[in-house]
Protein chains: 2
Amino acid sequence: MARAADLIGDRWTLLIVREALYGVTRFDAMQADLGAPRSVLSARLKHLCDIGVMTKRPYKKPGERQRHQYVLTSRGVDLALPLTALMQWGDKHLRDDAPPAQIVERVSGAPCRVGLISEQGAPVEIGKTTFKIA
Amino acid sequence: MARAADLIGDRWTLLIVREALYGVTRFDAMQADLGAPRSVLSARLKHLCDIGVMTKRPYKKPGERQRHQYVLTSRGVDLALPLTALMQWGDKHLRDDAPPAQIVERVSGAPCRVGLISEQGAPVEIGKTTFKIA
DNA sequence: GCCATTAAATCCATTTTTCAGACTGAGTTG
DNA sequence: CAACTCAGTCTGAAAAATGGATTTAATGGC
């Protein structure tokens, strides 16, 4: 996990990935949402591309000029789980600001939570677990 | 989540909480494990105490002098979920280093994974979800 | 073709952090 | 009392973040 923390354990990187999960793909939109310095945003996006979490790709709507967009790779989409778990933690322990985003089932719209799942596919309470260090 | 990212979205903070989850409680032990600068470790621990994720408390084994130990509060223990999710992500996408720690059921020792759980308590694939922004 | 506009950066000077290592102080052991 | 351990604090150099101005590239309108 040290590697993972190195790669994405950073205030802005976390928020950038969240933006991307929300579906924001353009540089300026992210900059406006986050208020991050442009230089930092630029550096972080480059880094996220380098490590394969996002890709930068050109796109062009007819009648408009070519733009770039940053989209999550499958590796990036998988960060939804840790990020959602973190949101959930924040909601539980520091709720004080705006109502949160939720992760929902696409077909039904029913909200999901992040939790532990046993090998048999049953939910497990976190209090009934420990860490086993290899 | 911005708040959460602010509070714990930082390379060392993440790793410190992981240490604590592993059961390391003493300053020097953490410093040795992490290799973090002592001043940073000191500042981060103070911060984690301030935000109620850890507490510093004195303890004394008979025959030894009094020591301090840093232990996770329940708020801190709840970070096991996001942290484990992050580990899981790292294992899947950047496995290259030492075999990972696992979260296991305390009674059986069976490993668990972090995943999405529906309202009915059934596991949900992440690909079948989206974010709904409130 | 020329100008204004927009998106996506980069550059710059200033302030903050980080870093590694030396140092301090309290309590303990020899 | 000298040496040792733990838990920090202090220090000065190096690295990174910040907000703002500037640059580059591609348009669209005139």
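Quick notes on this one:
- Matching residues in region A:61-75 - criterion: being in a loop (DSSP other than H, G, I, E, B) and touching a Phe, Trp or Tyr at 6+ places or on another chain (Cβ under 9 Å): A:Gln66
- Looking only at region A:110-134, and only at residues there that are more than 7 Å from chain B (Cβ to nearest Cβ) and among the small types (Gly, Ala, Ser), the one that is nearest to B:Arg3 (Cα to Cα): A:Gly127
- Residue within region B:23-34 that is in contact (Cβ under 8 Å) with a residue 60 or more places away in the chain and under 17 Å from B:Leu81 (Cα atoms) present: no
- For A:Gly90: the one exception among (1) in contact with a strand residue (DSSP E or B) (Cβ under 9 Å, 6 or more places away or on another chain); (2) crowded, with 20+ Cβ neighbours inside 10 Å: (1)
- Flag for B:Tyr59 being more than 18 Å from A:Thr84 (Cβ to Cβ), within 13 Å of DNA strand D (Cβ to nearest atom), out of contact with any Pro (no Cβ under 6 Å at 6 or more places or on another chain) and modelled with pLDDT under 90: yes
- Single residue of A:Thr73, A:Thr55 found to be within 21 Å of B:His93 (Cβ to Cβ), more than 13 Å from DNA strand C (Cβ to nearest atom) and either surrounded by fewer than 16 Cβ atoms within 10 Å (Cβ to Cβ) or not small (Gly, Ala, Ser) (or both): A:Thr73
- Residue match in region B:2-20 (condition: under 25 Å from A:Phe131 (Cα atoms), in contact with a Leu (Cβ under 9 Å, 6 or more places away or on another chain) and near DNA strand D (Cβ under 9 Å from one of its atoms)): no
- Among the criteria (1) crowded, with 16+ Cβ neighbours inside 10 Å; (2) in a helix (DSSP H, G or I), the one B:Val24 does not fulfil is (2).
- The set of residues in region A:27-42 being within 10 Å of DNA strand D (Cβ to nearest atom), exposed (fewer than 13 other Cβ atoms within 10 Å of the Cβ) and over 26 Å from A:Gln102 (Cβ atoms) consists of A:Pro37, A:Arg38, A:Ser39.
- Among the residues of region A:76-99, not a single one is β-branched (Val, Ile, Thr), part of a loop (DSSP other than H, G, I, E, B), within 11 Å of chain B (Cβ to nearest Cβ) and under 24 Å from B:Leu81 (Cβ atoms).
- Scanning region A:100-130 for residues that are small (Gly, Ala, Ser) and either surrounded by fewer than 18 Cβ atoms within 10 Å (Cβ to Cβ) or part of a loop (DSSP other than H, G, I, E, B) (or both) turns up A:Ala101, A:Ser108, A:Gly109, A:Ala110, A:Ser118, A:Gly121, A:Ala122, A:Gly127.
- Candidate set: region B:1-43, residues that are more than 7 Å from chain A (Cβ to nearest Cβ), more than 14 Å from DNA strand C (Cβ to nearest atom) and of a type in the set (Gly, Ala, Ser); chosen: the one farthest from the chain's Cα centre (by Cα): B:Ala29
- The set of residues in region A:37-60 that are more than 25 Å from B:Thr129 (Cβ to Cβ), assigned to a loop (DSSP other than H, G, I, E, B) and in contact with a Lys or Arg (Cβ under 8 Å, 6 or more places away or on another chain) contains only A:Lys60.
The values are calculated or read from the model by the stated rules, or taken from the named source; none is laboratory data. Keep in mind that what you see is a predicted model, and the values were worked out from it rather than measured. Glycine gets a Cβ as well: all are built from the backbone with ideal geometry, and neighbour counts include every protein chain shown.
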